[in-house]
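The structure under discussion appears below in the form of structure tokens.
Since every read-out is calculated from the coordinates, none of them should be taken as a lab result. None of the values given here were measured: they were computed from a predicted structure. Virtual Cβ from ideal backbone geometry, glycine too; neighbours counted across all protein chains shown.
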Amino acid sequence: MPTDFETTTIAFDEETGVGYLTLNRPDALNALSSQLREDIVAGLRELNEYNDDGVVMRTVVVEGAGGNFCAGADITEFEEGPPTTEVDRSHYRFIREYPLPVIAKIRGYCLGGGLETAMSCDFRIADTDARFGLPEVDLGIIPGAGGVQFISRLANPSVAKEIAMTGEHLPAERGAELGIFNDVHAPDELDAAVDEFAETIASKPPLSVRTIKKSATMATQTGLREGIEYDADVFETLLWTDDHKEGVRAFAEDDYEPEFQGK
Ligand code: CO8
């Protein structure tokens with residue numbers, strides 16, 4: 001059975017292949033203490049360890065306990081020193097480089113480092129009551145984990161400047177219009193919508209899904225020619241997998257339900 005950590009809990013459903021990681025500091029609106037940042041990494045690492053053969057766990061949903069996703073870095077720790085200068089070894093990078101797709105399920109506040117955590121995930125799905133923003137400007141700093149960079153790519157640099165310079169809390173629907181959130185649902189429909197989305201991704205051939213994650217990351221980090229060459233190389237590799245044969249068989253045979261094994 002999965003372990004619970006001091007400030008995160010994990011769970012998984014072997015039937016669907018969906019894992020869950022919950023940020024669990026509801027009294028502090030899940031503010032990112034150093035303990036919580038460590039426990040996010042520990043929880044995700046443990047979920048992936050259940051994945052010996054690469055197919056038990058196929059996607060992970062990250063959410064916050066108590067009706068909020070995360071109100072950013074724990075400001076009470078700022079006096080002891082900066083939240084972390086180790087961005088490269090942080091939970092943000094761990095999520096970005098995690099082999100499985102990660103979905104942020106967002107309710108309530110999603111601010112500062114909380115929004116940067118969500119933007120480190122592969123998908124962001126929110127409810128209509130959620131509020132997002134980058135309020136670091138009011139603390140005399142900037143979003144230190146890529147907030148302006150992410151929004152410049154997901155929306156555009158002008159929108160990133162607007163959000164980071166005003167520090168305003170914006171409604172999730174605006175985030176969806178801007179491309180920062182993938183989707184927004186009524187509060188009582190969010191759980192089902194996220195589960196359905198997670199299960200859809202989890203039902204797809206695991207090697208294709210993992211490769212698409214890497215390809216999309218490359219698209220933001222390399223030139224077009226290099227990215228297309230990468231896609232062409234991995235495409236050829238995937239042509240020789242059992243899952244490719246399985247997909248072709250399911251296409252050809254009307255009543256055949258494919259079982260993708262990640263091989
Ligand atoms: N840090 C610590 N505690 C917090 C935080 C936080 N970010 N946010 C809320 N809390 C605590 C409050 O202190 C309060 O605790 P207590 O009950 O003990 O007084 C509890 O959570 C509930 O909060 P409020 O009473 O304030 O609730 P409200 O509903 O009145 O307000 C807000 C909610 C608007 C979200 C308000 O709490 C707020 O403005 N919080 C701070 C938001 C913020 O500025 N976030 C950005 C932090 S900076 C950051 O994220 C930079 C990340 C950089 C990463 C760099 C990596 C290198």
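What relative contact order, as a whole-number percentage, does the range 98-183 give when Cα pairs under 8 Å and 6 or more residues apart are counted? The partial results should precede the final answer.
Details: 153 pairs, mean separation 27.2, N = 86.
For the range 98-183, the relative contact order is 32 percent.
Would you mind calculating the gained length between Ser158 and Lys263 on full extension (0.36 nm times residue separation, minus the Cα-Cα distance), in nm to one decimal?
33.4 nm
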Exercise. Rounded to the nearest Å, what's the spacing between the alpha carbon centres of the range 139-192 and the range 23-54? Just the number, please.
Key: 23
Exercise. Apply the membrane-span-like helix rule to the chain: whole DSSP H runs, Cα extent along the own long axis of at least 20 Å, mean Kyte-Doolittle hydropathy at least -1.0. List the helices found.
Key: 34-49, 206-221, 224-238
Self-check item: Extension gain (nm, one decimal) between Ala193 and Thr3, 0.36 nm per residue minus Cα-Cα
Solution: 65.8 nm
Quiz item: What does the helix-only formula give at 222 nm for the chain: each DSSP H stretch with n ≥ 4 adding -39500 (n - 2.57), the total divided by the residues, and the result rounded to the nearest 500 deg cm²/dmol?
Solution: -13000 deg cm²/dmol
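Against the 2.2 N^0.38 Å scaling, with N counting residues, where does the chain land? I'd like the Cα-based Rg ratio to two decimal places.
Normalised by 2.2 N^0.38 Å, the Cα Rg of the chain equals 1.03.
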Quiz item: Counting alpha carbon pairs within less than 8 Å and at least 6 residues apart, what relative contact order, in whole percent, applies to the chain?
Solution: 15
Quiz item: Which of the peptides 4-13, 239-248 is most tightly packed, and how do the rest follow, judged by the mean count of other Cβ atoms within 10 Å per residue?
Solution: 4-13, 239-248
Quiz item: Taking the chain as a Gaussian network, Cα atoms linked when under 10 Å apart, which of Phe94, Phe69, Phe78 shows the biggest mean-square fluctuation?
Solution: Phe78
Practice problem: Can you pull the one-decimal nm distance between simple spin-label points at Glu38 and Thr166, each 7 Å off the Cα toward Cβ? | Solution: 3.9
